[in-house]
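The values are calculated or read from the model by the stated rules, or taken from the named source; none is laboratory data. What you are looking at is a predicted structure, and each value in this text was computed from that prediction instead of being measured. Cβ placement follows ideal geometry from the backbone for every residue including glycine, while neighbour counts extend to all protein chains displayed. Accessible surface is based on the protein model in full, side chains and every heavy atom, while ligands, DNA and RNA are left aside. Shrake-Rupley method; radii C 1.70, N 1.55, O 1.52, S 1.80 Å.
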Amino acid sequence: MNNRINIVLFGIGNIGSALINKVLKERKELALESKIDFRFPVITNSSVAFFAKEGANFSWEANFIQFSIPFKMEDVVSYVLANNISNLIAVDATADAKLPSQYIKLIQSGFNVVSVNKTVNALPADFKENVKLAASVRGLESTFVHNAKGDKHAAVEKLFESLIEIAEKQKRLAA
């Protein structure tokens, strides 16, 4: 049986969309070799979100364009709770200066957090430590991916590796 990991992706710019495409490309191999099944129940940009419906099987770009709606963070949390979605990873692939302030709330709602948001580096030095502590207390992970030279491919690879690490840890805990 595959371990389903639900990724809530914030940001579908260069890095976010490349991450989705990489996960989709690697999906079959991950399922067969690692017994990991990545899903994207929620995908957002800065103003709208696409909330997946079970059984819908169109391309994510078409779904996002056709079915996305304005959202608030509370809508995302309410959606995953109402639909009993577990094994959650929030991926921040934005440059939004406000989104990092939501990391603790996401962790408190059961999300692991993986961020490539460069605005985190401008926050107080203890910000990352506080997020890591909040995650640790709840048995969750928080990972901050540094994208030194703006290399999209390197950032996507690091994000993907972080997702695999979290999925492997969750798989071990579930066993």
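Here Leu19 meets the list (1) part of a helix (DSSP H, G or I); (2) open to solvent by less than 40 Å² (accessible area, probe 1.4 Å); (3) modelled with pLDDT under 90 almost entirely, failing just condition (3).
Restricting attention to segment 98-133, the residues being under 23 Å from Asn14 (Cα atoms) and part of a helix (DSSP H, G or I) number 10.
Output the number of residues of segment 65-94 satisfying the condition of being free of Cβ contacts under 8 Å to residues at least 40 places away in the same chain and part of a loop (DSSP other than H, G, I, E, B). Explain how you work it out, then say what you get.
Going through segment 65-94, the residues free of Cβ contacts under 8 Å to residues at least 40 places away in the same chain turn out to be 65-75, 77-79, 81-82, 84.
Next, from what is left, pick out any that are part of a loop (DSSP other than H, G, I, E, B): 68, 71-72, 84.
Of the residues in segment 65-94, 4 are free of Cβ contacts under 8 Å to residues at least 40 places away in the same chain and part of a loop (DSSP other than H, G, I, E, B).
The combined condition, being out of contact with any Gly (no Cβ under 6 Å at 6 or more places or on another chain), modelled with pLDDT of 90 or more and either closer than 25 Å to Asn2 by Cβ or hydroxyl-bearing (Ser, Thr, Tyr) (or both), is fulfilled by Leu140.
Just checking, which of Leu159, Leu88, Leu133 is under 22 Å from Leu173 (Cβ atoms), open to solvent by 50 Å² or more (accessible area, probe 1.4 Å) and either modelled with pLDDT of 95 or more or of a type outside the set (D, E, K, R) (or both)? Every option except Leu133 fails the conditions. A Cβ distance below 8 Å, combined with a sequence gap of six or more or placement on separate chains, defines the contacts here; from segment 20-45, residues that are closer than 19 Å to Ser68 by Cβ reach residues that are basic (Lys, Arg) and in a strand (DSSP E or B) in the pairs Arg39/Arg4. If the condition is being open to solvent by 70 Å² or more (accessible area, probe 1.4 Å) and of a type in the set (A, V, I, L, M), then segment 98-124 contributes only Ala122. Can you find a residue that is without any contact (Cβ under 8 Å) to a residue 40 or more places away in the chain, surrounded by 15 or more Cβ atoms within 10 Å (Cβ to Cβ) and within 16 Å of the chain's Cα centre (by Cα) anywhere in segment 144-155? Within segment 144-155, one or more residues are without any contact (Cβ under 8 Å) to a residue 40 or more places away in the chain, surrounded by 15 or more Cβ atoms within 10 Å (Cβ to Cβ) and within 16 Å of the chain's Cα centre (by Cα). Within segment 1-17, residues that are touching a residue at least 24 places away in the same chain (Cβ under 8 Å) sit with their Cβ atoms under 7 Å from residues that are among the acidic types (Asp, Glu) and crowded, with 22+ Cβ neighbours inside 10 Å, at 6+ positions apart or across chains, in these pairs: Phe10/Asp92; Gly11/Asp92.
Inclusion of Ser136 among residues that are under 17 Å from Phe38 (Cβ atoms), small (Gly, Ala, Ser) and not in a loop (DSSP other than H, G, I, E, B) is not warranted.
Restricting attention to segment 1-33, the residues being of a type outside the set (A, V, I, L, M) and touching a helix residue (DSSP H, G or I) at 6+ places or on another chain (Cβ under 7 Å) number 5. Tell me, yes or no, whether segment 40-58 has at least one residue that is surrounded by fewer than 17 Cβ atoms within 10 Å (Cβ to Cβ) and either under 18 Å from Ala167 (Cα atoms) or touching an Asp or Glu at 6+ places or on another chain (Cβ under 7 Å) (or both). Scanning segment 40-58 turns up at least one residue that is surrounded by fewer than 17 Cβ atoms within 10 Å (Cβ to Cβ) and either under 18 Å from Ala167 (Cα atoms) or touching an Asp or Glu at 6+ places or on another chain (Cβ under 7 Å) (or both).
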